[in-house]
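The numbers here are math on the coordinates, done by the rules we state, and not lab data. In this text the structure is predicted, and so the values were computed from the model without any measurement. Methodologically, a virtual Cβ is constructed for each residue, glycine included, from the backbone with ideal geometry; neighbour enumeration extends over all protein chains shown.
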């Protein structure tokens with residue numbers, strides 16, 4: 001059994017947007033710290049009225065537990081944003097799309113995907 005790759009994340013504000021990035025594997029073995037600290041992301045969204053972009057280019061692994069947490073974070077972020085602001089995903093890994101299709105969430109997820117980033 002392979003040792004899980006650590007998961008790190010970043011939240012930055014620049015150019016009138018919030019950038020949220022994930023690096024490593026988002027799996028049942030790595031998600032607990034993100035779960036515990038997800039409120040810091042939500043607090044940043046409450047602070048400013050900005051578009052939110054989530055770059056997934058450094059996400060190297062995802063399982064169903066990680067997918068569930070990621071969907072929960074997306075839904076919560078969207079509910080906190082004013083309607084005029086965007087929440088968009090960039091550089092989508094194929095595992096995310098596969099799990100979305102498996103759980104019949106492909107259409108829901110598609111609303112968050114920035115054009116040209118599949």
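The table below lists the values:
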| read-out | value |
| --- | --- |
| Relative exposure of 98, 12, judged by other C-beta atoms within 10 Å (fewest first) | 12, 98 |
| Measure of compaction for segment 19-75 (Cα Rg per 2.2 N^0.38 Å) | 1.12 |
| The chain: relative contact order in percent, alpha carbon pairs under 8 Å with at least 6 residues between | 24 |
| Prolate/oblate/rounded label for segment 72-118 (Cα gyration tensor, a/c 1.5) | oblate |
| Sum of -39500 (n - 2.57) over DSSP H runs of 4+, divided by residues of the chain (222 nm, nearest 500) | -12500 deg cm²/dmol |
